[in-house]
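Undergrad: Let me begin by handing over the structure; questions about it come next.
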Amino acid sequence: TYTVMLNENGGIIDDLIVYRLADQTYRAIFNAGTATADLEWIQSKAVSQFSVDISPRHDLNILAIQGPDALTKSSNVFGTTPPEELKPFRCIESNGFFVGRTGYTGEDGIEVLCGTEQAKLLWESLHDMGVRPCGLGARDTLRLEAGLNLNGQDMNPDISPLASALGWVVDWDPEERQFIGRQALTQERTRGLRRRLTGVVLKGGIMRSGQEVLTDSGSGVITSGSYSPTLGYSVALARVPAAATGTCKVVIRNREIEGRLVRPPFVRKGEKVHK
């Protein structure tokens with residue numbers, strides 16, 4: 001499942017994917033840039049509050065195979081259990097590979113965990129099938145078109161999932177279920193959001209993180225912005241007053257350029273979402 005790891009104030013330490021491998025065995029996939037801090041946080045809580053064993057797997061590599069043809073291109077690599085049988089956020093182990101139907105691009109695809117030598121051989125096999133490498137810049141454009149948050153920009157330890165368009169990942173039931181940050185989230189939900197994360201489209205300039213967004217309900221800020229190659233104009237995520245809707249203006253180089261607040265995603269399966 002996709003989820004978030006919270007501090008006591010309900011802020012997001014990181015987002016991650018957690019697989020249940022057995023009744024009492026789980027595998028958590030962190031962001032690479034925050035893995036050390038995430039692990040330290042979990043270990044500090046495990047020692048003081050829970051009775052669990054934590055085993056970091058520094059021996060594993062991860063390859064993300066993404067795109068409309070990802071499953072077709074990779075199916076021959078995994079023997080008799082093709083990735084097509086996987087539902088989103090499910091996993092299988094096949095021929096020494098751990099395969100999850102996940103990704104960070106908005107496209108269909110899989111992510112594969114394996115050892116270093118296996119990863120090298122897997123990549124060579126995929127490359128021979130016509131799979132091409134993709135840089136982080138292209139990945140960031142894809143995730144933004146899909147309306148996916150980036151930790152450290154669209155969410156951080158001072159911002160809750162409710163204010164990051166991630167309220168859907170919070171499991172409130174049963175009522176007596178406790179998790180770190182629940183009290184703070186409950187208070188925020190009862191009080192009501194002051195600011196929310198939403199999408200912005202703009203056809204007269206390129207939006208970037210930190211630019212001011214002017215709305216009838218007050219000002220906000222672009223958290224992630226870029227030119228969309230798929231759409232041919234700029235898209236962004238922005239944190240704005242909760243009541244803000246409709247048109248807005250984005251301040252770019254001291255110019256106020258008219259835009260529109262929309263609900264992400266901007267692109268779904270390669271097609272425009274908003275007219």
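The values are calculated or read from the model by the stated rules, or taken from the named source; none is laboratory data. Remember, predicted model here, so these are calculated numbers, not experimental data. Neighbour counts are summed over all protein chains in view; Cβ atoms, including those assigned to glycine, are modelled from backbone coordinates with ideal geometry.
Undergrad: Check P157 against each of (1) farther than 27 Å from R268 by Cα; (2) more than 19 Å from the chain's Cα centre (by Cα) and name the one condition it does not meet.
TA: The one condition P157 does not meet is (2).
Undergrad: Would you check if G130 is more than 20 Å from N7 (Cα to Cα), assigned to a loop (DSSP other than H, G, I, E, B) and modelled with pLDDT under 95?
TA: In short, yes.
Undergrad: Quick one: in region 150-179, which of the residues that are in contact with a Ser or Thr (Cβ under 6 Å, 6 or more places away or on another chain) and either part of a loop (DSSP other than H, G, I, E, B) or in the same structural domain as V262 (by TED's automatic domain parsing) (or both) is surrounded by the most Cβ atoms within 10 Å (Cβ to Cβ)?
TA: The selected residue is D154.
Undergrad: Next question. Just to be sure, is L166 touching a helix residue (DSSP H, G or I) at 6+ places or on another chain (Cβ under 7 Å), in contact (Cβ under 8 Å) with a residue 40 or more places away in the chain and among the aliphatic types (A, V, I, L, M)?
TA: no
Undergrad: Being free of Cβ contacts under 8 Å to residues at least 60 places away in the same chain and crowded, with 17+ Cβ neighbours inside 10 Å is the filter; apply it to region 210-226 and report the residue that is nearest to the chain's Cα centre (by Cα).
TA: Among them, the one singled out is I222.
Undergrad: Any idea which residue in region 61-107 is surrounded by the most Cβ atoms within 10 Å (Cβ to Cβ), counting only those that are among the charged types (D, E, K, R) and at pLDDT below 85?
TA: Residue satisfying both the conditions and the ranking: K73.
Undergrad: Something else about it: Could you list, in sequence order, the residues of region 1-20 that are touching a residue at least 24 places away in the same chain (Cβ under 8 Å) and either assigned by TED's automatic domain parsing to the domain that holds R139 or over 25 Å from D140 (Cα atoms) (or both)?
TA: Start the filter on region 1-20 by keeping residues that are touching a residue at least 24 places away in the same chain (Cβ under 8 Å), which leaves 1-15, 17, 19.
Residues satisfying the conditions are N7, E8, N9, G10.
Undergrad: Let me ask something additional. Would you confirm whether or not region 20-34 contains a residue that is at pLDDT 90 or above, under 20 Å from the mean Cα position of the chain (by Cα), among the basic types (K, R) and exposed (fewer than 13 other Cβ atoms within 10 Å of the Cβ)?
TA: yes
Undergrad: Looking at (1) buried (at least 18 other Cβ atoms within 10 Å of the Cβ); (2) at pLDDT below 95; (3) within 27 Å of R263 (Cβ to Cβ), which is the one condition that is false for I110?
TA: Result: I110 passes all but (3).
Undergrad: With respect to the numbered conditions (1) under 30 Å from G10 (Cα atoms); (2) out of contact with any Leu (no Cβ under 6 Å at 6 or more places or on another chain); (3) outside any helix (DSSP H, G or I), which one is the sole condition not fulfilled by R143?
TA: Here R143 meets the rest and fails (3).
Undergrad: On to the next question. Would you confirm, using the coordinates I've provided, whether V200 is more than 21 Å from A236 (Cα to Cα), of a type in the set (V, I, T) and buried (at least 17 other Cβ atoms within 10 Å of the Cβ)?
TA: Details: more than 21 Å from A236 (Cα to Cα): no; of a type in the set (V, I, T): yes; buried (at least 17 other Cβ atoms within 10 Å of the Cβ): yes.
Here the answer is no, as V200 does not meet what is asked.
Undergrad: Taking the options V240, V250, V235, V273, name whichever one is buried (at least 16 other Cβ atoms within 10 Å of the Cβ), at pLDDT 95 or above and within 21 Å of G106 (Cα to Cα).
TA: V235
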